[in-house]
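A short write-up of the structure that comes next.
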Amino acid sequence: MRRPGSMRGLEELGRVRLSRHFFMRDFLYAEIGNFHARQNLPRDPDLAIECGRAFCEALLDPLEETFGRIAVRSGYRSPELNRFGNENGLNCARNDYPLECHIWDHGTGDARIAGASVVIPWFADRYARGRDWRDLAWWIHDHLNYSEIWFFPKLCAFNIAWRPNPLRRIDSYNAPRGGLLRAGEEPGENLAERQQRYADFPVFRGISYP
């Protein structure tokens, strides 16, 4: 697919279905682009679609099927838009930062990555009443083949990323702030302890569709 050069081309890109529950259009909106009148178009739409499809099928579909609607807070960012956000202090990492997950068409081979900042409303309601963000972090760790997760205080939003070879790393800006799990490490809590944290969560539904 060519990089969209018209409104019709952008419509066509937005109609690309990435998974059972998500289309490319779900990830193209960006407040930075909207407010500063900057386009958010992939340089390499085919690579963005490829990585986005793997990301949605492996991570977002099971989340939506288990918890209900998942809200995408920040999805794909073009290299140009992400660079603008970084240079202007708009909460975007550098384009060459190894953990930057929003630029889906930035790498090749094992360097491919795709991610998004999402909110799970089901958990956000409980978090607002004092629920520990680590309950959700350990549920994700025990059920999904994620690469990196970063948690944030507002709404308990989190960045979640896919890679061909996952790092399995968890960090947080929530208290206790810092690293919960380093890449390649085993959790400090054993499986039984972790399962007690999320014993009241919905039954996992990672549905395989024909």
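The values are calculated or read from the model by the stated rules, or taken from the named source; none is laboratory data. Values in this document were obtained by computation on a predicted structure and should not be read as measured data. Here the Cβ positions follow ideal geometry from the backbone for every residue, glycine too, while neighbour counts run over all protein chains shown.
Filter region 151-164 down to the residues that are closer than 19 Å to Pro62 by Cα and over 14 Å from the mean Cα position of the chain (by Cα) and list them by number.
Answer for region 151-164, where residues must be closer than 19 Å to Pro62 by Cα and over 14 Å from the mean Cα position of the chain (by Cα): just Pro164.
Tell me, which residue of region 142-174 that is closer than 16 Å to Ala54 by Cα and in contact with a helix residue (DSSP H, G or I) (Cβ under 7 Å, 6 or more places away or on another chain) is surrounded by the fewest Cβ atoms within 10 Å (Cβ to Cβ)?
The extreme case among them is Asn165.
Need pairs with beta-carbon distance below 6 Å; first residue under 20 Å from Ala116 (Cα atoms) and polar (S, T, N, Q) and within region 1-24, second surrounded by 13 or more Cβ atoms within 10 Å (Cβ to Cβ) and modelled with pLDDT of 95 or more; sequence gap 6+ or separate chains.
So the pair list comes out as Ser19/Cys56; Ser19/Glu57; Ser19/Asp61.
Check Gly115 against each of (1) part of a helix (DSSP H, G or I); (2) closer than 30 Å to Glu193 by Cβ; (3) touching a helix residue (DSSP H, G or I) at 6+ places or on another chain (Cβ under 7 Å) and name the one condition it does not meet.
(1)
Need the failing condition index for Leu28 against (1) surrounded by fewer than 19 Cβ atoms within 10 Å (Cβ to Cβ); (2) of a type in the set (A, V, I, L, M, F, W, C); (3) closer than 30 Å to Trp139 by Cβ, just the number.
The failed condition is (1).
List the strands (runs of 3 or more DSSP E) that sit entirely inside region 157-210 and contain at least 1 residues that are of a type in the set (Ser, Thr, Tyr).
169-172
Six or more apart or on different chains, Cβ atoms under 6 Å: show the pairs whose first residue is in region 83-96 and over 11 Å from Ile32 (Cα atoms) and whose second is among the basic types (Lys, Arg).
Asn95/Arg83
With the requirement that a residue be within 13 Å of the chain's Cα centre (by Cα), buried (at least 21 other Cβ atoms within 10 Å of the Cβ) and not charged (D, E, K, R), what does region 75-101 give you?
Gly75, Tyr76, Cys101
Can you confirm whether region 50-69 contains a residue that is assigned to a loop (DSSP other than H, G, I, E, B), touching a helix residue (DSSP H, G or I) at 6+ places or on another chain (Cβ under 9 Å), crowded, with 20+ Cβ neighbours inside 10 Å and among the β-branched types (Val, Ile, Thr)?
For region 50-69, residues assigned to a loop (DSSP other than H, G, I, E, B), touching a helix residue (DSSP H, G or I) at 6+ places or on another chain (Cβ under 9 Å), crowded, with 20+ Cβ neighbours inside 10 Å and among the β-branched types (Val, Ile, Thr): absent.
For region 87-99, give me the residue count where each residue is farther than 16 Å from Trp150 by Cβ and either touching a Leu at 6+ places or on another chain (Cβ under 9 Å) or not charged (D, E, K, R) (or both).
The total comes to 4.
Inside region 15-49, can you point out the residues that are part of a helix (DSSP H, G or I) and either touching a strand residue (DSSP E or B) at 6+ places or on another chain (Cβ under 6 Å) or not aliphatic (A, V, I, L, M) (or both)?
Arg25, Asp26, Phe27, Glu31, Gly33, Asn34, Phe35, His36, Pro45, Asp46
Kindly indicate which of Trp122, Trp133 is surrounded by fewer than 18 Cβ atoms within 10 Å (Cβ to Cβ), more than 23 Å from Ile49 (Cα to Cα) and among the hydrophobic types (A, V, I, L, M, F, W, C).
Trp122
Looking at Tyr127, is it farther than 15 Å from Phe22 by Cα and aromatic (Phe, Trp, Tyr)?
Considered against the rule, which asks whether it is farther than 15 Å from Phe22 by Cα and aromatic (Phe, Trp, Tyr), Tyr127 comes out as yes.
Kindly indicate whether any position in region 142-149 is in a helix (DSSP H, G or I) and more than 28 Å from His36 (Cα to Cα).
Yes, region 142-149 has at least one match.
Could you go through region 119-127 and let me know if any residue there is touching a residue at least 60 places away in the same chain (Cβ under 8 Å), within 25 Å of Asp26 (Cα to Cα), under 13 Å from the mean Cα position of the chain (by Cα) and part of a loop (DSSP other than H, G, I, E, B).
no
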